[in-house]
Amino acid sequence: MSGRWHGVPRLLAGGDPGAGLAVMRIIGPVGSYRELGLQDHLCWVHGDRGDYRPHLGEFFRDGLGRGLRVAYLGSGDARMVRKLVGRVAGTGPLRSGKAVRVISFEEFYGAEEPVDPAAVTKRYDAATQEALADGYRGLRIGADMTDLVRAPDRQDAFARCEVLLERYSSRHPLSAMCGYRRELGDAVAQFACLHAAVPAGLTPFQVFACGDGAVGLLGEFDQACQSAFERALRRIEPAPGDSTLIFDLSQIQFMDHHALLSLDSYAETCPVPVVVRSAPPLVRRAARVLGLEHLGHLRPGDL
Amino acid sequence: MRTGAARGQVGHFHEAGFYSSDAEFRALIVPFAEEGIAAGEPVIIGYDDRKNALIRSWLTDLSAVTFPADSGVYATPTRAIAAYRRLFELHVAQGAGQIRITGELPNSGNGGMFDGWDRYEAAVNTVWQDFPVWGLCLYDTATAAPVVRDVVERTHPRIVSPSGVRRASDRFQVVADFEALPPVPDPLEQTSPMIELVDRSAAEARRALAQIGRGQVTDTILDDLLLGVSEAVSNALIHGRPPATVRIWAAPDRIVVSVHDQGRGPADPLAGLVPATGNAATLGLGLWLIHQLDIDVALKHADDGFTVRLRGATTTG
């Protein structure tokens, strides 16, 4: 696993308030779906369901071992799904066990079109709180999102859901493995880049949530991925009640002037001031050379 | 209200003068500065320490004279254009009717490198046209190379002699027609490159450069080279004509990178010297950014295509 570990200094809901737990999340390209923690948000790309389900089984087995409630999010015959999950999770046929659940897509994503990302996030939150109330350490979700996002006109709303779930999982004990099949083609990358953990080589950059509410940028941002970056930015909104939106640039390996201008354009239209922080020397260099004349909308925390 | 030889002129009044002794230098610069001081015009003087000291001893009142302390103004032509524009904006905002500026650009005669400054001398005829500037560029004929004199005569519409005689330069070329000097080939370019990449992404070019350059030059210079190669490759892939070829050479404390495509390169003669606007903004901004870095940048238009050459060195920058 090549992802980076990010310490998120905050308290886990349900944890010991005196302990000050530092929750670790995997941020960056990963080579494996194993060893994911309580708040990891992984995009996993696969060939077909037969390829995906064994991985899902291991993901669930690991979650059960960590004291999490695991839930398969999917459509179809519930009995068949329960049997499958029971088999792959190694827990035997499931009858009424509360540790493993099957939740229909409709239950979380609703029947309305387009999907309402805020409402979806509330449902994820309710399920997470329920798991905590039932004595579990959190909730772990696995889902193959392919069929939901196949129609291009649905992709924007689902991408916004991924942004909100990434933010939610950075601050709550929700871990998720979102499966996307390769048959989606280039569309996969637009969802992958919104997860904290992604398979290596799938996207040159990632937009992830820092535990303190900042939006983290990771990887390489240049002209080749400018339109993809701008599309990702359009899906980011300040959290309700936040007076500023902070972008953390500490994990950027490279950023050219195209990406800096995209970020500045985003800041121009964002309803709250946009602050950038922790820029590496190369990004500070490019920003200084471009100057306020071109980057007048970003508030340079330390550029 | 403009005074002196520039009275009634609009925009940048760009003059050159040649001298071969301190006496001739004095004969050129003292009337220029004293007339400005008497008229209450800001006077900006930028020479080396020895000449600045001489000028200070010759002038009667230094209160209106500025000697830019920041020698970094002349680090690159693009930075000099931007820095002087800001200075001119300031003086105009303070009510200056004319700004007098005189200096000597880097060339082999004063220990500097003239590479790239030929385009600067051509460009300032246009890019300072918004300001009531009288620019007097003085060159030492005893030390400046013949090629420098050639460029000066082609980039200055007017020539003034130490005796005060003014004439139009019959060799003057407007910026659109200006024939820039071809970049002097770097000896490393005659050797086999460490790597050659054909039609590869900017990210691959950056990775190759980082691998070769790490430890060869400082991290600061390497960062500038990475920014430069990325912008140049992006431009070649989008605006150039394939194949786009990146070559990287390395020597102790020095890296040379060339990015070549078979297109004609930017048509704008000011490309890289000022931030482009409008449709050319994307291309122009990348080139403009490259030209402000602490690396040597050369643009070469040739029959076989367009080349951006970047050179970074730990010792000389």
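What the table shows:
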read-out: Selection count where residues are part of a strand (DSSP E or B) and farther than 23 Å from B:Ala205 by Cβ, scope the range A:244-303; value: 12
read-out: Residues (hydrophobic (A, V, I, L, M, F, W, C) and either in contact (Cβ under 8 Å) with a residue 40 or more places away in the chain or within 18 Å of A:Leu202 (Cβ to Cβ) (or both)) located in the range A:22-55; value: A:Val23, A:Ile26, A:Ile27, A:Val30, A:Leu36, A:Leu38, A:Leu42, A:Cys43, A:Trp44, A:Val45
read-out: Residues of the range A:164-215 satisfying the condition of being at pLDDT below 95 and among the acidic types (Asp, Glu); value: A:Glu183, A:Asp186, A:Asp212
read-out: Matching residues in the range A:108-117 - criterion: being surrounded by 13 or more Cβ atoms within 10 Å (Cβ to Cβ) and either within 18 Å of A:Ser169 (Cα to Cα) or of a type in the set (D, E, K, R) (or both); value: A:Phe108, A:Tyr109, A:Asp116, A:Pro117
read-out: Matching residues in the range A:247-261 - criterion: being surrounded by 21 or more Cβ atoms within 10 Å (Cβ to Cβ) and more than 9 Å from chain B (Cβ to nearest Cβ); value: A:Phe247, A:Asp248, A:Leu249, A:Ile252, A:Met255, A:Ala259, A:Leu260
read-out: Cβ pairs under 8 Å, 6+ apart, first in the range A:100-117 and part of a helix (DSSP H, G or I), second at pLDDT below 90 and of a type outside the set (A, V, I, L, M, F, W, C); value: A:Phe105/A:Gly74; A:Phe105/A:Ser75; A:Glu106/A:Ser75
read-out: Of the criteria (1) out of contact with any strand residue (DSSP E or B) (no Cβ under 6 Å at 6 or more places or on another chain); (2) modelled with pLDDT of 95 or more; (3) not aromatic (Phe, Trp, Tyr), which one B:Ala236 fails; value: (1)
read-out: Of all residues making up the range B:175-203, the number that are at negative phi and in a loop (DSSP other than H, G, I, E, B); value: 15
read-out: Selection status of B:Asp150, acidic (Asp, Glu) and either at positive phi or not in a helix (DSSP H, G or I) (or both); value: no
read-out: Number of positions in the range A:58-97 that are at pLDDT below 80 and closer than 24 Å to A:Tyr136 by Cα; value: 19
read-out: Residue ID - farthest from the other protein chains (Cβ to nearest Cβ), chosen from residues in the range B:237-247 that are under 14 Å from B:Asp199 (Cβ atoms) and without any contact (Cβ under 8 Å) to a residue 60 or more places away in the chain; value: B:Arg247
read-out: For A:Leu218: the one exception among (1) modelled with pLDDT of 95 or more; (2) over 21 Å from A:Tyr33 (Cβ atoms); value: (2)
read-out: Whichever residue in the range B:175-201 is of a type in the set (Gly, Ala, Ser) and closer than 30 Å to B:Thr126 by Cα and, among such residues, is surrounded by the fewest Cβ atoms within 10 Å (Cβ to Cβ); value: B:Ala176
read-out: Residue in the range A:195-204 that is in contact (Cβ under 8 Å) with a residue 60 or more places away in the chain, part of a helix (DSSP H, G or I) and out of contact with any Phe, Trp or Tyr (no Cβ under 9 Å at 6 or more places or on another chain) present; value: no
read-out: In the range B:195-215, the residues that are more than 22 Å from B:Asp304 (Cα to Cα) and in contact with a helix residue (DSSP H, G or I) (Cβ under 8 Å, 6 or more places away or on another chain); value: B:Ala203, B:Arg206, B:Leu209, B:Ala210, B:Gly213, B:Arg214
read-out: Residue in the range A:213-228 that is surrounded by fewer than 23 Cβ atoms within 10 Å (Cβ to Cβ), within 14 Å of chain B (Cβ to nearest Cβ), assigned to a helix (DSSP H, G or I) and under 19 Å from the mean Cα position of the chain (by Cα) present; value: yes
read-out: Counted residues, the range B:213-231 - those being closer than 12 Å to B:Val308 by Cβ and away from chain A (no Cβ under 11 Å); value: 0
read-out: Failed condition for B:Ile255, given (1) surrounded by 24 or more Cβ atoms within 10 Å (Cβ to Cβ); (2) among the aliphatic types (A, V, I, L, M); (3) more than 14 Å from chain A (Cβ to nearest Cβ); (4) part of a loop (DSSP other than H, G, I, E, B); value: (4)
read-out: Whichever residue in the range A:290-303 is within 12 Å of chain B (Cβ to nearest Cβ) and touching a residue at least 12 places away in the same chain (Cβ under 8 Å) and, among such residues, is farthest from B:Gly284 (Cα to Cα); value: A:Leu295
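The values are calculated or read from the model by the stated rules, or taken from the named source; none is laboratory data. Note that the structure is a prediction, hence the values are computed from the model and not measured. All Cβ positions, even for glycine, are placed from backbone atoms using ideal geometry, and neighbour counts span all protein chains on display.
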